[in-house]
Amino acid sequence: MAATIPLRDGAVSLPGPVLWALSLNEGDLVVADLVEGEISQLRFHSYGRRVRSAMESCDHPWPFVEEVLLLLLAAVGPAGGLDLASLGSRNPFHPGEPLLLRAEAGHGEPWFTLERAAGWLALKLEAHALYRLRVEDGFQVLVPEDALWALCLSEGSAVTGKTVLNTLEGWISTEDRPSSELRLEIGQGGALPLPETLREHPRLQPGSGIRFEVHLSGASRGFRLAPDLSDLERVTSSG
């Protein structure tokens, strides 16, 4: 995902979808490193994840933990604020200049980078996440709290969508609604009922695994529900 953001008073405000995708909250520490070969690009990783990784790497982790303790740190503040002034002389940016933010949360250790956005046009922020859930009794799926937050949903919220074969595609924004709309309502505890057209599918019965994919693109928010075929894929690939 990528977006252009301003640097004001030595700080940037990380967009909500980035905080969500990288599992960052107010008070979390991030490690800041200059990207090798780039004098004006900073890469940030979760400090807590680095410490846990060091602790789990061997039977005597203290030398590795000690190295992590010496790294350059910044803290996530209220509303996703990140004060780059705490980096001192290692901060390569100037107040007022636009920055390009890139983030990756899908593979390996989540990270994000900041660099000068000179020559870049304003980018629409896009983010996505995959959850592996299960079909509950009553043919419903319990949407995780953070996914509800990212989709701006709560109990009583209505979503529209359509079914394609064994997949439900849903839209939350008023943009790009399908012509044949299907209306569903979020119930207590984030319960999302499966449409009648999907309840006959053998891999969408209560107890079955299901993939819940969240997609954010600018003001548009949507999701996709489909059978979790990971077990079948493993059997196919090994055979």
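Read-outs: derived from the displayed coordinates by stated rules, not from any lab. Predicted, not measured: the structure shown is a model, and the values here were computed from it. Glycine also receives a Cβ, built like all others from the backbone with ideal geometry; neighbour counts cover every protein chain displayed.
Here are some notes:
- Neighbours of Arg50 by Cβ distance under 15 Å: Lys/Arg scored +1, Asp/Glu scored -1, total -3.
- Arg224 sits among other residues whose Cβ lies under 10 Å from its own Cβ, and their net charge, with Lys and Arg +1 and Asp and Glu -1, is -1.
- Model label points for Asp137 and Ala75, set 7 angstrom from Cα along the Cα-to-Cβ axis, are 4.6 nm apart.
- Between the beta carbons of Ser23 and Trp62, assuming R0 = 35 Å, the FRET efficiency works out to 0.85 to the nearest 0.05.
- Globularity index of the range 2-116, i.e. its alpha-carbon radius of gyration over 2.2 N^0.38 Å: 1.06
- One way to sum up the overall shape of the range 126-236 is the equivalent ellipsoid from its Cα gyration tensor, whose semi-axes run 21, 15, 14 Å, largest first.
- Charge tally in the Cβ shell below 15 Å around Trp149, where Lys, Arg are +1 and Asp, Glu are -1, Trp149 excluded: -3
- Per-residue ³J(HN,Hα) for the range 203-217, Karplus 6.51 cos²θ - 1.76 cosθ + 1.60, θ = phi - 60°, Hz, x for Gly and Pro: 9, 10, 8, x, x, 6, x, 9, 8, 10, 9, 9, 10, 10, 8
- The label-point distance for Val35 and Gln188, in a model that sets each label 7 Å from Cα toward Cβ, rounds to 4.9 nm.
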